[in-house]
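J.: Below: one structure in structure tokens.
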Amino acid sequence: MPFQIVLNIIIAIMWMFLSETYTFTAFVVGYILGIFLLFIMRRFINRPFYITKVWKVLLLLLLFIRELIVSSIDIIKFVYKKDLDNRPGIFALPLEVKSDWEITILANLISLTPGTLSLAVSDDHETLYIHAMDIPDIESSITDIKESFEKAIMEVTR
């Protein structure tokens with residue numbers, strides 16, 4: 001992937017030199033042209049096309065923003081309720097992500113989402129302990145995290 005990005009930047013700079021226009025617009029046009037050329041020649045490069053990874057990173061970012069907004073609204077509703085009938089607690093999330101990088105991203109995304117906090121990772125890197133302000137059902141909380149954040153992180157990193 002880094003090779004493709006560097007190659008795309010080189011194509012964009014070459015486009016600027018060939019068109020004799022040294023502006024940001026010419027660079028962007030050259031970059032888009034480079035994306036198109038790399039897409040056509042992707043079978044000669046042994047790696048997957050890098051725009052797919054960029055797209056998956058963008059989708060992960062959008063997923064986080066959506067979860068941030070939804071959980072912020074839930075926390076606001078929770079704070080303004082008259083009767084506090086919450087069920088705070090700590091639950092164990094079995095991890096499918098294996099590398100330290102993936103676990104760190106998952107723990108940070110969980111901690112940055114209001115209402116949840118990553119507490120610890122087990123010594124064998126198989127379990128992440130999470131504190132939540134309200135846990136109506138532990139299994140649904142685990143499923144939500146696995147189907148959203150963990151799945152998106154695995155798509156980006158693998």
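The values are calculated or read from the model by the stated rules, or taken from the named source; none is laboratory data. Just so it is clear, the model here is predicted, and its values are computed rather than measured. We place every Cβ from the backbone using ideal geometry, glycine too, and count neighbours over all the protein chains shown.
J.: Select from segment 51-108 the residues that are among the hydroxyl-bearing types (Ser, Thr, Tyr) and touching a residue at least 40 places away in the same chain (Cβ under 8 Å) and list them in ascending order.
T.: Here is the first cut: in segment 51-108, the residues among the hydroxyl-bearing types (Ser, Thr, Tyr) are 52, 71-72, 80, 99, 104.
If the condition is that a residue be among the hydroxyl-bearing types (Ser, Thr, Tyr) and touching a residue at least 40 places away in the same chain (Cβ under 8 Å), then Ser71, Ser72, Ser99 are the ones that fit.
J.: Still on this structure, I have one more. Condition test on Lys98, is it at pLDDT 90 or above, under 30 Å from Arg47 (Cβ atoms) and part of a helix (DSSP H, G or I)? If you could, list the steps in order and put the result at the bottom.
T.: Numbers: at pLDDT 90 or above: yes; under 30 Å from Arg47 (Cβ atoms): yes; part of a helix (DSSP H, G or I): no.
Spelling it out, it is not the case that Lys98 is at pLDDT 90 or above, under 30 Å from Arg47 (Cβ atoms) and part of a helix (DSSP H, G or I).
J.: Please find, among Ile75, Ile69, Ile10, the residue that is assigned by TED's automatic domain parsing to the domain that holds Glu139, on the phi < 0 side of the Ramachandran plot and modelled with pLDDT of 95 or more. First the steps, then the outcome.
T.: Numbers: Ile75 fails: modelled with pLDDT of 95 or more; Ile10 fails: assigned by TED's automatic domain parsing to the domain that holds Glu139.
When all the criteria are applied, what remains is Ile69.
J.: Restricting to segment 15-34, name every residue that is assigned to a helix (DSSP H, G or I) and among the β-branched types (Val, Ile, Thr). Give the steps one after another, and end with the answer.
T.: Step one: filter segment 15-34 for residues assigned to a helix (DSSP H, G or I), giving 15-19, 24-34.
If the condition is that a residue be assigned to a helix (DSSP H, G or I) and among the β-branched types (Val, Ile, Thr), then Thr25, Val28, Val29, Ile32 are the ones that fit.
J.: Which numbered condition in (1) surrounded by 15 or more Cβ atoms within 10 Å (Cβ to Cβ); (2) closer than 30 Å to Val121 by Cα; (3) not hydrophobic (A, V, I, L, M, F, W, C) is the only one that Tyr50 fails?
T.: (2)
J.: Which of the residues that make up segment 122-158 are assigned to a loop (DSSP other than H, G, I, E, B) and either closer than 20 Å to Asp85 by Cβ or among the aliphatic types (A, V, I, L, M) (or both)? Walk me through it before giving the result.
T.: Quick first cut of segment 122-158, residues assigned to a loop (DSSP other than H, G, I, E, B) only: 122-126, 133-137, 158.
Once the filter is applied, which keeps residues that are assigned to a loop (DSSP other than H, G, I, E, B) and either closer than 20 Å to Asp85 by Cβ or among the aliphatic types (A, V, I, L, M) (or both), segment 122-158 yields Met133, Asp134, Ile135, Pro136, Asp137.
J.: Could you figure out which of (1) buried (at least 16 other Cβ atoms within 10 Å of the Cβ); (2) without any contact (Cβ under 8 Å) to a residue 40 or more places away in the chain; (3) closer than 23 Å to Glu155 by Cα isn't true of Phe27?
T.: Going through the list (1) buried (at least 16 other Cβ atoms within 10 Å of the Cβ); (2) without any contact (Cβ under 8 Å) to a residue 40 or more places away in the chain; (3) closer than 23 Å to Glu155 by Cα, Phe27 breaks only (3).
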